[in-house]
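Novice: So that we are looking at the same thing, I have put the structure below in structure tokens.
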Amino acid sequence: MKNTLFYLFLFYCSTDIFAQNKFYDGSIIHFNIYGNGEPVFVLSGGPGNNCMQEEDVAIKIGEKYQAILLEQRGTGRSMPKALDSNSINMDAYLKDILYVMDSLKIKKAKFYGHSWGAVYASAFAIIYPKKVKMLALTGVGDIRISAENDKKKVENRLAKLDSTELKRFYEISDKNWSEWTNNDRFEIAVLGVKYNTFDSTNLAWKQQKIMRGANNYTTFTLLRNDQKKQNFDLSTKLKSLKMPITIITCKEDPLAFLTDEYKHFSPRAKIKWIDHCGHFPMYEQPEKFYSMLMETLEK
């Protein structure tokens, strides 16, 4: 159980146009479109996070572009017939984007990705480089399976919790996550907001934004297991990417060290740093974040 929770700890839409498509295996892949113009895919974090966590970003991008907010496989309304290793895996995730692009007759697009979404976008760009114009990433997640990185992420996050919060976290962790009550899930999500933000300013509002939509822990576990099985590692492959890559990262993000790792393996990537915010700059430093993001997409 503690190993399962260890990985779960790392885990932690109104629309202008709604499109629904039957997928090749009988699943339904949903995506939401905001605005018109050049297409920009918006990939949320997780894996397993509800896409609504990134809806504000999609709306902002939609002011100038056609923002395509994907409800990733195994989240929201994009549910396969069964949640298992046959339906939730990296190969299926990559083909989902390709399918949506083909459905919308998009030959090439820009990609925005947050956290796991940044890794997802990068993985797609490596396999289908001719489909990707540029990558705008923020709060980069795991580009490779690494026990050392996993440990560091947990330590960075736990350091932001006080003794009472730590005690409650471990009380919940002693349970099997499939037996968590709704209150347990809510408390874990609240703790996630705490360790992923810089301070308690407008904390209730941040909670409302970050906790939008239900996250799927089964999807997280299945995809994580698939990555472990494949020894998932993008590090050496990042050098092959020739399209522009910009990473917007907050200095107080507990995952900030992963941006440095990405830069190490992709020297061409440009990093833009923001002070005084954690893992969600769109909610802690929106003015700076959106200025950087829109400037990046324009270039």
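Every read-out reported here was derived from the displayed coordinates using simple, explicitly stated rules and does not represent laboratory data. The structure displayed is predicted, hence computed values, not measured ones. In this analysis, Cβ positions are derived from the backbone assuming ideal geometry, glycine residues included, and neighbour counts consider all displayed protein chains.
Novice: Would you order 30, 276 from fewest to most other beta-carbon atoms within 10 Å of each residue's own beta-carbon? Provide the component values of the computation, followed by the final result.
Specialist: Values: 30 21, 276 14.
Final ranking by Cβ density, sparse to dense: 276, 30.
Novice: Turning to a different aspect of this structure: Would you please give the FRET efficiency between residue 106 and residue 175, computed as 1/(1 + (r/R0)^6) with r the Cβ-Cβ distance and R0 = 41 Å, to the nearest 0.05? Present the calculation step by step, with values, prior to reporting the outcome.
Specialist: Values: r = 44 Å, r/R0 = 1.07.
Efficiency at R0 = 41 Å is approximately 0.40.
Novice: How compact and how long is segment 73-202, expressed as Rg and Dmax of its alpha-carbon atoms in Å?
Specialist: 18.2, 53
Novice: What residue among 195, 274, 235 has its Cα farthest toward the positive end of the dipole of the chain, where the charges are +1 on Lys, Arg and -1 on Asp, Glu, each on the Cβ?
Specialist: 235
Novice: Lys/Arg Cβ at +1, Asp/Glu Cβ at -1, dipole of the chain taken about the Cα centre: which of 218, 169, 292 is farthest positive-ward?
Specialist: Selected residue: 292.
Novice: With a 10 Å Cβ neighbour count serving as the proxy for reagent exposure, in which order, fewest first, do 100, 40, 154 appear? List each step's numbers first, then the result.
Specialist: Values: 100 21, 40 25, 154 16.
Ordered from fewest to most neighbouring Cβ atoms within 10 Å, 100, 40, 154 come out as 154, 100, 40.
Novice: To the nearest 0.05, what FRET efficiency results for residue 155 and residue 251 with a Förster distance of 25 Å applied to their C-beta separation?
Specialist: Working: r = 17 Å, r/R0 = 0.69.
With a Förster radius of 25 Å, E is 0.90.
Novice: Which log10 I(q)/I(0) values does segment 199-284 give at q = 0.11 Å⁻¹ under the Debye formula, counting every alpha carbon as one identical point scatterer?
Specialist: Cα-only, vacuum Debye calculation for segment 199-284: -0.45.
Novice: Run a plain Debye calculation on segment 106-157 (Cα atoms as equal point scatterers, no solvent) and give log10 I(q)/I(0) at q = 0.16 Å⁻¹, rounded to two decimals, same order as the q list.
Specialist: Here log10 of I(q) over I(0) equals -0.51.
Novice: Sequence gap at least 6, Cα distance under 8 Å: using those rules, report the relative contact order of segment 55-165 to the nearest whole percent.
Specialist: Values: 83 pairs, mean separation 18.7, N = 111.
Once divided by the residue count of segment 55-165, the mean separation gives 17 percent.
Novice: While we're here: In segment 248-288, which trypsin sites (Lys or Arg not before Pro) fall in coil by DSSP and have 16 or fewer other Cβ atoms within 10 Å? Walk me through the intermediate numbers first.
Specialist: On the way: sites: 251, 263, 268, 270, 272, 288; in loops: 251, 268.
Answer in residue order: 251, 268.
Novice: Another question about this same structure. Beyond a 18 Å Cα-Cα separation, which of these cross-linked pairs lie in this structure: 60/95; 60/288; 107/263; 64/95; 160/228; 107/237? Working shown, then result.
Specialist: Values: 60/95 26 Å; 60/288 13 Å; 107/263 28 Å; 64/95 27 Å; 160/228 28 Å; 107/237 23 Å.
From 60/95; 60/288; 107/263; 64/95; 160/228; 107/237, over 18 Å: 60/95; 107/263; 64/95; 160/228; 107/237.
Novice: Another question about this same structure. Quick one: length gained pulling residue 240 to residue 83 fully straight, 0.36 nm per residue minus the C-alpha distance? Can you show the working numbers first?
Specialist: Working: separation 157, 0.36 × 157 = 56.52 nm, distance 3.30 nm.
That pair, residue 240 and residue 83, stretches by 53.2 nm at full extension.
Novice: OK, next. What FRET efficiency comes out for the pair residue 203/residue 225, r = Cβ-Cβ distance, R0 = 45 Å, nearest 0.05?
Specialist: After rounding, the FRET efficiency stands at 0.85.
Novice: Take the eigenvalues of the Cα gyration tensor for the chain, scale each by 5, and report the square roots as semi-axes in whole Å, largest first. If you can, show how the numbers build up before the last one.
Specialist: Working: eigenvalues 146, 98, 76 Å².
Working through the eigenvalues yields semi-axes of 27, 22, 19 Å.
Novice: So which aspartates and glutamates can residue 81 reach, going by Cα to Cα under 19 Å and dropping same-chain residues fewer than 8 places off?
Specialist: 25, 71, 91, 96, 226
Novice: Size of the dipole of the chain about the Cα centre, Lys and Arg at +1 and Asp and Glu at -1 on the beta carbon, nothing else charged, in debye to 20? Numbers along the way, then the final one.
Specialist: Details: 42 positive and 35 negative charges, 205 e Å.
So the dipole magnitude of the chain works out to roughly 980 debye.
Novice: Oh, and also: Using label points projected 7 Å from each Cα along Cα→Cβ, tell me how many nm separate residue 276 and residue 190, to one decimal.
Specialist: 2.7
Novice: Quick one: length gained pulling residue 182 to residue 56 fully straight, 0.36 nm per residue minus the C-alpha distance? All intermediate terms of the calculation are to be shown ahead of the outcome.
Specialist: Values: separation 126, 0.36 × 126 = 45.36 nm, distance 2.57 nm.
My answer for the length gained is 42.8 nm.
Novice: Please give the charge dipole size of segment 66-130, origin at the Cα centre, charges +1 on K and R Cβ atoms and -1 on D and E Cβ atoms. Round to the nearest 20 debye. Don't skip to the answer; put the middle values down first.
Specialist: Numbers: 9 positive and 5 negative charges, 63 e Å.
For this selection, approximately 300 debye.
Novice: Taking the number of other C-beta atoms within 10 Å as the exposure measure, put 69, 241, 83 in order starting with the fewest. Can you show the working numbers first?
Specialist: On the way: 69 27, 241 19, 83 16.
Ascending Cβ contact count within 10 Å gives the list 83, 241, 69.
Novice: Among 121, 98, 75, whose Cα projects farthest towards the positive end of the dipole of segment 72-171, with charges put on the beta-carbon of Lys, Arg (+1) and Asp, Glu (-1)?
Specialist: Toward the positive end, the furthest listed residue is 98.
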